[in-house]
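The values are calculated or read from the model by the stated rules, or taken from the named source; none is laboratory data. Predicted model, so just to flag it, every value in this text is computed and none were measured. FYI the Cβ positions are ideal-geometry reconstructions off the backbone, even for glycines, and counts take in every protein chain you see.
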Amino acid sequence: MGGGDVRGRQVTFCAGIQADRLARLAGLRVDFAMVPFRGEYYDVVPERADLVSTLIYPIPDPALPFLGVHLTPTVGAGLTVGPNAVLGLAREGYAKYSFNRRDATDLARFRGAYPMARSHLRTGARELRNSLWKTGYLRECQKYAPSLDADDLVPREAGIRAQAVLSDGTFVHDFLLRRTARTMHVVNAPSPAATSALPIGRMLAGMVLDDT
């Protein structure tokens, strides 16, 4: 589709890390913030990529919405490990040590940031340590593949998880939808399966179409 204006009776926003800002522009009272968490990955060197033949996941922590470091064979016969979850200071900062003044200021002003930090101080410190110290990251991997060593891990691109956090500091684990008369805001969708589930897309479309 080319440029220009597009008009419609209803608009659905799936804005990820910018969902709170767009919801506010739509006139909603925003009682949450989108907080970026950098997920850092490593590739296992090709000669060790046959180390495992299936997905290996840690036992989920019910207090956290993150999967934790896991081992993933790829369709290209590779093997990746990760991700961790490191609090980011840039919503779209994929490079290590990324910093954006506006994003960091918004986070500091968000009243839910401080109870979130207090509740998960130990976990956050561990994730930061493992981000800065490869040996710490390796120890997380060795819980499931003890024969891995540091030379087996090659850094690859990081991702940004758009995590909705409520004003009381709690992580949103499930869907979070916010609406106006003519807009639907998909603020939080559990990752990864629900973000690409066609039945959920049909459900959301049905909710919008019912109002047209």
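For segment 142-152, state whether one or more residues are under 27 Å from PRO46 (Cβ atoms), in a helix (DSSP H, G or I), in contact (Cβ under 8 Å) with a residue 60 or more places away in the chain and out of contact with any helix residue (DSSP H, G or I) (no Cβ under 8 Å at 6 or more places or on another chain).
There is at least one residue in segment 142-152 that is under 27 Å from PRO46 (Cβ atoms), in a helix (DSSP H, G or I), in contact (Cβ under 8 Å) with a residue 60 or more places away in the chain and out of contact with any helix residue (DSSP H, G or I) (no Cβ under 8 Å at 6 or more places or on another chain).
Tally time: how many residues in segment 38-57 are over 17 Å from ARG129 (Cβ atoms) and not in a loop (DSSP other than H, G, I, E, B)?
Result for segment 38-57: 6.
Six or more apart or on different chains, Cβ atoms under 8 Å: show the pairs whose first residue is in segment 94-108 and farther than 16 Å from GLN163 by Cα and whose second is of a type in the set (A, V, I, L, M) and outside any helix (DSSP H, G or I).
ALA95/ALA158; LYS96/ALA158; SER98/LEU89; SER98/ALA90; PHE99/LEU89; PHE99/ALA90; ASN100/LEU89; ASN100/ALA90
Could you check, for segment 58-66, whether at least one of its residues is outside any loop (DSSP other than H, G, I, E, B) and closer than 30 Å to MET184 by Cα?
No - not one qualifying residue is present in segment 58-66.
Kindly provide the set of residues from segment 70-93 that are more than 21 Å from ALA113 (Cα to Cα) and under 13 Å from the mean Cα position of the chain (by Cα), ordered by number.
Within segment 70-93, GLY82, PRO83 meet the criteria.
Looking at (1) modelled with pLDDT under 95; (2) within 19 Å of THR12 (Cα to Cα); (3) out of contact with any Lys or Arg (no Cβ under 7 Å at 6 or more places or on another chain), which one does ARG182 not meet, given that it meets all the others?
(3)
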